[in-house]
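Everything on this sheet refers to the single structure shown next.
FYI, it's all coordinate maths here, none of it is from the lab. The structure displayed is predicted, hence computed values, not measured ones. Please note: Cβ atoms are built from the backbone with ideal geometry, for glycine as well, and neighbour counts cover all protein chains shown.
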């Protein structure tokens, strides 16, 4: 039995085809991840499945009329409602209050905000509230478009465990590789406007793709050798046939027959060559052939802070923080949304004053700062001009780096003002790597990036020899790059020597997640016995 069948879906926007004969099937209990490059049509496909958009061809069939919950990337509510009212309004069945409360708490809406009007929420908070509402509905099929975009680390861990106990089917678009590893057991890849299916989670998919690429590479090389051999034979046979045919007249009939036979053999080889079904040259990942060194090395330490305190009105972000970052260290700042991570970054960089204490950059420090919004990019520049704006590398090196971040050939002459959000982040990263900075500061660098670009960024940053300070909710990025964590939560700042997985396995962040989930499970079990 199926919950959803998508059959030969087609969708175009003007002359641009997004989907061509895309088909898939979702059964009860399925856990499916939908992946693909930015702009390939994943969100369009999900909208069609949710009935929010009409395909140009094909159709979606929902046998048995299942209850479908759909989360778009940006959600909205009637602005006059409170959080709790918006969460529970017009649901098919009235949920028990404890479950609504636990969902709000798990997605970082504390009790004191439950009567707050929805109009006061940010766009990201409204999306989180819509996610809570969908989970409260307990639909037969959940369609989620980038549900992790607005979640901090604690909410991510909570959602993964909640979905592990969710009884319906799930189809989710996500670029968070660890989230996909923990929540799905099947991958749909949208590539070339068609869908391909792979068994297993994301890591198993990546392994299958690499094995497939290697097999294709062996087959491609074997075929190229066969084609080269046939072409060489055709050239030799044709040349020899001509030479014999133009030889002396004595015995010409005999040699003419030989020449004709060789010419026929050459023609047969040409036909065989034409019939060969060409194996497509496999995609080869770009590698960073150029190392981007800081212009100079800074002193023993990059930044120091003593007794930093910061408040906004009555709200304390942090008090009396002491922090020192040495040359070459890789430090990540983590914590709930709104805890003060970006504020601490800005204070360390001298862009915002503390209420108390002081902060200094070390001698010789040259900062490269990637903020969450790339306002410092010049919209009138081409990509190449912008990447060379703070030139510390040759044009050849910069073009190599642009190619590694998927800006190839004539794309480097595109105007910055025409770039998407993800493309702007990629360009800003290229500019930083080429700038010669010796302290790189990154605030949520993976926002708007697809999986391929995240992996390229990680490769580039692993090779970067300077000092790295970052804020991120990407757990694989934190594991790959961070050597020390600075944790901000509830007005307190603590430090942990290790990466995110080390911190998670220490049990520091598990109790809240398990407590919320157990409350939901206990409530459901008690309902089932009454």
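Here are some notes:
- Computing Rg and the Kirkwood Rh from the Cα coordinates of region 4-200 gives a ratio, Rg/Rh, of 0.97.
- FRET efficiency, residue 54 to residue 194 (Cβ-Cβ, R0 25 Å, nearest 0.05): 0.80
- FRET efficiency for residue 23 and residue 93, using Cβ-Cβ distance with R0 set to 51 Å, rounded to 0.05: 0.95
- Helix 123-137 axis versus longest C-alpha principal axis of the chain: approximately 90°, rounded to the nearest ten.
- Between the alpha-carbon centres of region 414-462 and region 168-223 there is a gap of 24 Å.
- Compared with the dominant principal axis of the Cα atoms in the chain, helix 395-404 is inclined by about 80°.
- Here the spin labels are modelled as points 7 Å beyond Cα on the Cα-Cβ line, and at residue 257 and residue 80 they lie 10.2 nm apart.
- The length gained by stretching the chain between residue 389 and residue 306 to full extension, at 0.36 nm per residue less their Cα-Cα distance, is 26.4 nm.
- Read-out Cα extents along the principal axes in Å, derived from the coordinates shown; its label in (i) 136, 61, 47; (ii) 111, 68, 43; (iii) 88, 49, 45: (ii)
- Ranked by the mean number of other Cβ atoms within 10 Å of their residues, highest first, the peptides 484-496, 305-317 fall in the order 484-496, 305-317.
- With a Förster radius of 41 Å applied to the beta-carbon distance between residue 166 and residue 236, the computed FRET efficiency rounds to 0.05.
- Helix 451-463 vs. the chain, principal-axis angle (Cα, 0 to 90°, nearest 10): 80
- Helical mean residue ellipticity (222 nm; -39500 (n - 2.57) per DSSP H run of 4+; nearest 500) of the chain: -12500 deg cm²/dmol
- Fully extended contour minus Cα-Cα distance, from residue 495 to residue 324, at 0.36 nm per residue: 60.5 nm
- Its relative contact order, with pairs defined as Cα atoms under 8 Å and 6+ residues apart, puts the chain at 14 percent.
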